[in-house]
Amino acid sequence: MSASSPRTPVPVEDARIAPKPGLRRFHQARWDEPLIFELTSPGERGVGVPVTDLPVPALPAGLARAEAPRLPEMSQPHVLRHYMRLSQETLGVDLNVDVGQGTCTMKYSPKVNDSFVRDPRIASLHPLQDEGTVQGVLEILYRLEGLLKEISGMDRVSLQPASGSSAIYANVSMIRAYHASRGEGELRDEIITTQFSHPTNAAAPKTAGYRVITLMPDADGYPDIEALRAAVGPRTAALLITNPEDTGIFNPRIEEFVRLVHEVGGLCCYDQANANGILGITRARDAGFDLCHFNLHKTFSTPHMCGGPAAGASAVTSALEPFLPRPTIEFDGSRYYVDDDRPESIGKIRPFYGVVSNLVRAYAWIMALGAQGLRDVAETSVLNNNYLISKVLEIKGVSLPYARGRRRVEQARYSWEKLNADTGIHSEQIGYRVADFGTHYWTSHHPYLVPEPMTLEPTESYSQADLDEYARILAEVAREAYEEPETVRTAPHNGPIHSMRDASLEDPGTWAVTWRAYRRKLA
Amino acid sequence: MGHPYIPNSDPEIRKRMLAAVGAASVEEFYADIPDAIRLHRPLDLPAPLRSEAELVRHMDRLLSRNKPAELSFLGAGCYQHHLPAVVEEIANRSEFLTAYAGEPYEDHGRFQALWEYQSLMGELLELDVVNVPTYDGFQAAGTALRMAGRVTGRRRLLVVGPVDPDKVSKIVDFVRPDHDVEVLDGTHDGWQVADLVVGADVAAVYIEAPNYHGVLDAALPTLAERAHAVGALFVVGCNPISLGAVASPASYGADIVCGDIQPLGIPMSFGGGNAGFIATRDEERLVREFPSRLFGVVPTVVEGEYGFGDVFYDRTSFALREEGKEWVGTASALNGIMAGVYLALMGPRGMREIGETILALTAYARERLAAVPSVTVPNASSVSFADFVVRFTGSRTAAEINTLLLERGIQGGKVLSDTDALFCVTEVHAREDVDRLAAVLEEIAK
């Protein structure tokens, strides 16, 4: 419009921005991106490599590569663009109100902590460098052990396990070494766990050669103490138990559980995957446990990285210290050093010292919070959970089985049994539809003891407005299930792709784990 | 005032939330925790560094006491390589960094990137089945051997050395319930891999290419035949960055191939960068034994669109708890995505060139150091990749030599014994770096 044109007044309502609707009109990136092999353009390359005029030695017969690997040939911008698009088709925590991934403690991972591990003074360190050149990182590991000792009440902590499950296995190995050292290794061949503990509490002992006894919940959802009484005996090596369990219910008889196992000479091992709500409130040592482990990628904020690298920490009382994975990190008053001379150690769990980048992040996170901050983490996550429970239970078709009238700790396992009976819609289908509003949703581990389960864990990272939004999404999907079930049944609608036809994944004739397999079987 | 990481930690907000749920205080939520096990005092932790500036200053003080080596010859399971900028760019993408366990719909990109990692590794390894990465190369070897044990139903495992003693420690601890491990290492008694006889009770023969000392053993194909002759599986641990130039273990008969992908574009991070792979042929008897997740590609209801999901899920502990194969959980997915980006950038030519560069430089380094007085290089007649043993025959021990090297700005190899150290060169080294090492050794190796 030129300056000289007559001005027509714009009605205010044409300039005013209406408030946002209660539900986000979300659509995820949908790039319809080809497989990387379809992007090959012979002659292109993505990065140069130093070449040398030194002679290449002749390899022994049969050990020289005959045919070049059939990798794609792509220029650098094309590789970058492809993976940028894939990243946009991934819903990370930084983008969403991630309270739907229960048991996983999806919390904010502070960006500043990433800067420490990208620093070459961490990233470029070789683990076997002269100790005098790595005093800083050794001090971080030593200090992190000290922090976790206080948080758990235990006497020593190994930071070597690569994950929570890896830490559970390390703990089982230490349990075996402990009993073997007392001449009871053969006798004690049973490990007891509970149904609402993470599957690895059953799977790792089985892998380690133990007979696994699983305690089912009683009518109120607590692990059945009568079943424990019946299970313990001279063959009991240990109890592996989570508390609160994946239902968010704290087992108030935990001291009695520990006592019953100790009375028969067994050890008690605490899976602290669900520690987020009890930091600074109650500790493994105070409840009498001999071992415990933390998932540093859950409770201690290290990012989940599409499924790892994670980091685990195995903590033990002094009775089990000799069996810790080697090496340990020690301090002699002036310098930090690696102690690999530990004859009773179970040996190595992982190369070198653990997932050091995540150990550095976890250290920085604890240092930014301190004792009061950790307590705020716990209390806020519990407050958030109970607030969300009150919102969710207003929704038609959902219930919170077990321990009626009792509060939950940091998460809750709900059931859509009624909604399913009313509408035929399953919990998984609700999850696919929830993603249409820009967030995650998770059912539960198998088997589904709670029918049509949903597990929500709103950590300390979410505000009241965030929780209200999540509850509104669930309410809307439940409404759809009752009023327009086809919308739910055909979800997702706003995601990167549509419903998969995935029966082929179970058939050896059609499953394709690689492009090679696809070409051979299906192209 | 609330903490910056915790929106609802502000006292006023907290009051409002408590009122909304009808609770007098947060204590109500902890009613099930017996008083006897409550911690009735604050945790005894250092005062918090509540401002980002203070935290950075604290961490910088610690990091300033780390000195990445200017010139290092360390390898031994953790390798220095050039890290392409695009790999770092993708690894730092917030979506990949913070995603976890979403469904194949909203996390389509994560599934595709991991399936492509499996596929790119499949091309390199010439095998049709590759897992979503496990923790590290140690775990990969332990699981590969237990897979072989489950396939054959036999107890005995032969581990043909030299293998990193730390890896042997992990393997022994991991396979103990089902297997007896026999480690055969001819390093010191002149025994040769070609002499090995494989008994009919052997579940698997495990060997590495290159081995712990960097040697590519000429008897690898022969050993494959011997294992197969008695129905044992041939399990080979390999360094994937060698495979553009070195034959894939599958091509000379490996049934299960495993190793560590850290060399493929992943920072060393003081040993934090390791991640494991396991690969097999596409046979149901092998595939059913994987504990890890295996993603597969499938069509969607829209023509030309595809998605990804779990292959043969009912073998995992996620599906079956203790009845699954070993266990599955959070492992090393992002390292897999990084390795995939690396392989895509390198392409067939890049992988061949880097393999040849490292082979050539390793040969040069061995020859150059062998010419230094009071230094010998064992395994002289064999070809080595990256790692190689250096023996100091003078009066100074390998540890003493390392101290003197460090005083001259060089990080020496991993000390193996009084006389031996394991040195390593890769494409990040230039010929001049090797010459500098040789010149310093001429001065100090006495």
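The values are calculated or read from the model by the stated rules, or taken from the named source; none is laboratory data. Bear in mind that the values here come from a model prediction, so they are computed numbers and not experimental data. Here Cβ is always computed from backbone atoms with ideal geometry, including for glycine, and neighbour counts include all displayed protein chains. The area values use the complete protein model at the heavy-atom level, side chains included, leaving out ligands, DNA and RNA. Shrake-Rupley method; radii C 1.70, N 1.55, O 1.52, S 1.80 Å.
Restricting to the range B:99-145, what's the tally of residues that are open to solvent by 10 Å² or more (accessible area, probe 1.4 Å), in a helix (DSSP H, G or I) and more than 8 Å from every other protein chain (Cβ to nearest Cβ)?
Residues that pass the stated criteria total 0.
Would you mind stating whether B:Arg57 is outside the structural domain of B:Asp435 (by TED's automatic domain parsing), charged (D, E, K, R) and over 15 Å from A:Asn384 (Cβ atoms)?
The answer is yes for B:Arg57.
B:Ser9 versus (1) within 19 Å of A:Leu388 (Cβ to Cβ); (2) more than 7 Å from chain A (Cβ to nearest Cβ): which is the lone unmet condition?
Condition not satisfied by B:Ser9: (2).
B:His213: buried (at least 17 other Cβ atoms within 10 Å of the Cβ), assigned to a loop (DSSP other than H, G, I, E, B) and either in contact with a strand residue (DSSP E or B) (Cβ under 6 Å, 6 or more places away or on another chain) or not aliphatic (A, V, I, L, M) (or both), yes or no?
yes
When you scan the range B:31-98 for helices (runs of 4 or more DSSP H) that lie fully inside it, which ones turn up with 1 or more residues that are of a type in the set (Phe, Trp, Tyr)?
Output list reads B:94-98.
In the range A:138-174, which residues are free of Cβ contacts under 8 Å to residues at least 12 places away in the same chain and either open to solvent by less than 10 Å² (accessible area, probe 1.4 Å) or out of contact with any Asp or Glu (no Cβ under 9 Å at 6 or more places or on another chain) (or both)?
Once the filter is applied, which keeps residues that are free of Cβ contacts under 8 Å to residues at least 12 places away in the same chain and either open to solvent by less than 10 Å² (accessible area, probe 1.4 Å) or out of contact with any Asp or Glu (no Cβ under 9 Å at 6 or more places or on another chain) (or both), the range A:138-174 yields only A:Gly146.
Say we look at the range A:310-320 and pick out the residues that are in a loop (DSSP other than H, G, I, E, B) and open to solvent by less than 10 Å² (accessible area, probe 1.4 Å); which of these is farthest from the other protein chains (Cβ to nearest Cβ)?
Among residues in the range A:310-320 that are in a loop (DSSP other than H, G, I, E, B) and open to solvent by less than 10 Å² (accessible area, probe 1.4 Å), the one farthest from the other protein chains (Cβ to nearest Cβ) is A:Ala311.
I'm trying to understand the selection: among the residues of the range A:276-288, which are touching a residue at least 60 places away in the same chain (Cβ under 8 Å) and either more than 7 Å from chain B (Cβ to nearest Cβ) or open to solvent by 10 Å² or more (accessible area, probe 1.4 Å) (or both)?
A:Asn276, A:Gly277, A:Ile278, A:Leu279, A:Arg283, A:Ala284, A:Arg285, A:Asp286
I need the full set of residues from the range A:451-486 which are open to solvent by 10 Å² or more (accessible area, probe 1.4 Å), within 16 Å of A:Gly100 (Cβ to Cβ) and more than 14 Å from chain B (Cβ to nearest Cβ), in order please.
Across the range A:451-486, the qualifying residues are A:Glu452, A:Arg472, A:Ala475, A:Glu476.
Among the residues of the range A:487-505, write down those that are at pLDDT 95 or above and either more than 17 Å from B:Trp115 (Cα to Cα) or open to solvent by 40 Å² or more (accessible area, probe 1.4 Å) (or both).
Matches in the range A:487-505: A:Thr487, A:Val488, A:Arg489, A:Thr490, A:Ala491, A:Pro492, A:His493, A:Asn494, A:Gly495, A:His498, A:Ser499, A:Arg501.
Determine which member of the set B:Phe270, B:Phe308 is within 27 Å of A:Ser41 (Cβ to Cβ), assigned by TED's automatic domain parsing to the domain that holds B:Ala209 and outside any loop (DSSP other than H, G, I, E, B).
B:Phe308
Which of the residues spanning the range B:247-263 are open to solvent by 10 Å² or more (accessible area, probe 1.4 Å), within 9 Å of chain A (Cβ to nearest Cβ) and touching a residue at least 40 places away in the same chain (Cβ under 8 Å)?
B:Ser251, B:Asp260 - these are the residues of the range B:247-263 that are open to solvent by 10 Å² or more (accessible area, probe 1.4 Å), within 9 Å of chain A (Cβ to nearest Cβ) and touching a residue at least 40 places away in the same chain (Cβ under 8 Å).
Those residues that are over 16 Å from B:Ser384 (Cα atoms) and within 22 Å of the chain's Cα centre (by Cα), I need them from the range B:413-428; list them, please.
The answer is B:Lys414, B:Val415, B:Leu416, B:Val428.
Go through the range B:47-84 residue by residue and tally those that are without any contact (Cβ under 8 Å) to a residue 40 or more places away in the chain, more than 7 Å from every other protein chain (Cβ to nearest Cβ) and open to solvent by 50 Å² or more (accessible area, probe 1.4 Å).
5
B:Gly244: within 13 Å of another protein chain (Cβ to nearest Cβ), part of a strand (DSSP E or B) and closer than 20 Å to B:Gly137 by Cβ, yes or no?
Answer is no for this residue.
Please verify whether the range A:432-449 includes one or more residues that are modelled with pLDDT of 95 or more and open to solvent by 50 Å² or more (accessible area, probe 1.4 Å).
Yes, because at least one residue in the range A:432-449 is modelled with pLDDT of 95 or more and open to solvent by 50 Å² or more (accessible area, probe 1.4 Å).
Within the bounds of the range B:24-35, is there any residue that is within 7 Å of chain A (Cβ to nearest Cβ) and either exposed (fewer than 14 other Cβ atoms within 10 Å of the Cβ) or under 41 Å from the mean Cα position of the chain (by Cα) (or both)?
Within the range B:24-35, one or more residues are within 7 Å of chain A (Cβ to nearest Cβ) and either exposed (fewer than 14 other Cβ atoms within 10 Å of the Cβ) or under 41 Å from the mean Cα position of the chain (by Cα) (or both).
Being in the same structural domain as B:Tyr313 (by TED's automatic domain parsing) and either assigned to a strand (DSSP E or B) or in contact with a Phe, Trp or Tyr (Cβ under 7 Å, 6 or more places away or on another chain) (or both): is that true of B:Gly149 here?
It is false that B:Gly149 is in the same structural domain as B:Tyr313 (by TED's automatic domain parsing) and either assigned to a strand (DSSP E or B) or in contact with a Phe, Trp or Tyr (Cβ under 7 Å, 6 or more places away or on another chain) (or both).
What number of residues in the range A:29-55 are of a type outside the set (D, E, K, R), touching a Gly at 6+ places or on another chain (Cβ under 9 Å) and within 7 Å of another protein chain (Cβ to nearest Cβ)?
4
If I go through the range B:183-210 residue by residue, how many of them are outside any loop (DSSP other than H, G, I, E, B), of a type outside the set (A, V, I, L, M) and modelled with pLDDT under 95?
1
When only residues in the range A:506-523 that are more than 7 Å from chain B (Cβ to nearest Cβ) and surrounded by 15 or more Cβ atoms within 10 Å (Cβ to Cβ) count, which is nearest to the chain's Cα centre (by Cα)?
Among them, the one singled out is A:Thr510.
Identify all residues within the range B:278-299 that are polar (S, T, N, Q) and open to solvent by 10 Å² or more (accessible area, probe 1.4 Å); write none if there are none.
B:Ser292, the sole residue that qualifies.
Inspect all residues belonging to the range A:260-267 and state whether any of them is in contact with a strand residue (DSSP E or B) (Cβ under 6 Å, 6 or more places away or on another chain), open to solvent by less than 10 Å² (accessible area, probe 1.4 Å) and assigned to a loop (DSSP other than H, G, I, E, B).
Looking through the range A:260-267, at least one residue is in contact with a strand residue (DSSP E or B) (Cβ under 6 Å, 6 or more places away or on another chain), open to solvent by less than 10 Å² (accessible area, probe 1.4 Å) and assigned to a loop (DSSP other than H, G, I, E, B).
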